[in-house]
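Please treat every number below as a calculation from the coordinates, not as lab data. As the structure is a prediction and not an experimental result, all values here were calculated from the model. All Cβ positions, even for glycine, are placed from backbone atoms using ideal geometry, and neighbour counts span all protein chains on display.
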Amino acid sequence: MPSMERLLELRAAAFADDVEVHAAMLSWDEERLSTYFESGGKASAPPPPQRSLRVLSLHGGGGNRNVNAMQVSRLRRALGPPDVVHFDFLEGDHAWKSENIDPRLVQLFGPGPYWGWYGVENASGHGQNDRDAYVKAMMDPAVAFEYIGYEAALDRLERHISEHGPYDALVGFSQGAIMAPIFPPGGSPLHASPPIARLPAIACMGRQDPFAPYGRQGLGSIYGALEWFEHGGGHETAKEAEVNSEVAEAIWRAVEEHRSSPG
């Protein structure tokens, strides 16, 4: 399987810089890639990989399937065409308070409904009126937070995967990303601190995201082989094409390695 760097070398050698590339091409052999690039992308594209990519995507708190589809649209394009890459969007069922919904989302997607996977209550009120203080409080083990309904959310996720899976990858934003470490594929949900995961994990967070330092530390303690990517934004998905291409390449590489591993 060629690397993205090799794929770009083949495109450059064919003077076909205007031909679009995507991560699904990483499963094509070099002969077919060269033929495709030398035709300027006008020849019939090589057939898709023998096995497609099925992804389950989970929105963040105060989102829904439409919001999530917009958030991951760049990553979807980077992963490959729709006949190769299929996304399912699952919604939580914890109703999000209207005063906590981003007004920009309401402008784009209307009155909702908007959902979360669970509720978060801070009985002490520590940092409640200051975002930076609130983020620090959430990451402080001395400050007690109660997560309302997370067990029901795990049951919902488990039921969906049982009925509609299997999936090759689980993608999540914010609350949706938190669901991944506490739900190991192939097993029952974990209701206590998870052990070191032996599964590949990929994280991409904004350099301006106040959660980023805590996210890197926390995920690094859960996953033994965490691939970390950063983009230039805040608490949002990556907009940069280069970052999305790198993340897409990492996803395909992890999936193919898992498929080729014994058992």
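With a 10 Å Cβ neighbour count serving as the proxy for reagent exposure, in which order, fewest first, do 237, 35 appear? Display every interim value, and only then the final one.
On the way: 237 23, 35 14.
Sorted ascending by nearby Cβ count, the order is 35, 237.
Compute a Gaussian network model of the chain, connecting alpha carbons closer than 10 Å, and tell me which residue from 207, 216, 159 fluctuates the most.
159
Can you tell me the FRET efficiency between residue 222 and residue 260 if r is taken as the Cβ-Cβ distance and R0 is 30 Å, rounded to the nearest 0.05?
Values: r = 24 Å, r/R0 = 0.82.
Working from the Cβ atoms, E equals 0.75.
Before anything else, pin down the relative contact order of the chain: Cα pairs under 8 Å, at least 6 apart, normalised by residue count, whole percent. Mind showing how you got there, number by number?
Working: 399 pairs, mean separation 47.6, N = 263.
Answer for the chain is 18 percent.
Counting DSSP beta bridges with both partners in the chain, what percentage is antiparallel, nearest 5?
On the way: 6 of 23 bridges.
Here the share of antiparallel DSSP bridges comes out near 25 percent.
Tell me, in nm to one decimal, what length is gained between residue 88 and residue 35 on full extension, where the rule is 0.36 nm per residue of separation less the Cα-Cα distance?
On the way: separation 53, 0.36 × 53 = 19.08 nm, distance 3.30 nm.
Net length gain for the segment: 15.8 nm.
Under 5 Å between amide H atoms, partner at least 5 residues away or on a different chain: which partners does residue 172 have, H built in plane at 1.01 Å?
Amide H to amide H, under 5 Å and 5 or more residues apart or across chains, residue 172 pairs with 58.
Could you work out the relative contact order of segment 1-47? I mean the mean sequence separation of Cα pairs under 8 Å and 6+ apart, divided by the number of residues, in percent. Mind dumping the intermediate values first?
Details: 45 pairs, mean separation 20.0, N = 47.
43 percent.
Based solely on its DSSP helices, what 222 nm [θ] is calculated for the chain when runs of n ≥ 4 H residues each add -39,500 (n - 2.57) and the sum is averaged over all residues, nearest 500 deg cm²/dmol? Walk me through the numbers on the way to the answer.
Values: 10 runs with 100 residues, N = 263.
The helix contribution divided over the chain gives -11000 deg cm²/dmol.
Which trypsin sites (Lys or Arg not before Pro) in segment 73-118 pass both tests, a DSSP loop state and at most 12 other beta-carbon atoms within 10 Å? Mind dumping the intermediate values first?
Details: sites: 74, 76, 77, 97, 104; in loops: 97.
Counting only loop positions with at most 12 other Cβ atoms within 10 Å, the trypsin sites (Lys or Arg not before Pro) in segment 73-118 are 97.
For a quick check: sort 27, 3, 52 by the number of other beta carbons within 10 angstrom, fewest at the front. Numbers along the way, then the final one.
Numbers: 27 19, 3 11, 52 14.
Exposure proxy ranking, most exposed first: 3, 52, 27.
What value in Å³ per residue do you get for the convex hull of the alpha-carbon atoms in the chain? Mind showing how you got there, number by number?
Values: hull volume 38.3 nm³, N = 263.
For the chain, the hull spanned by Cα atoms encloses 146 Å³ per residue.
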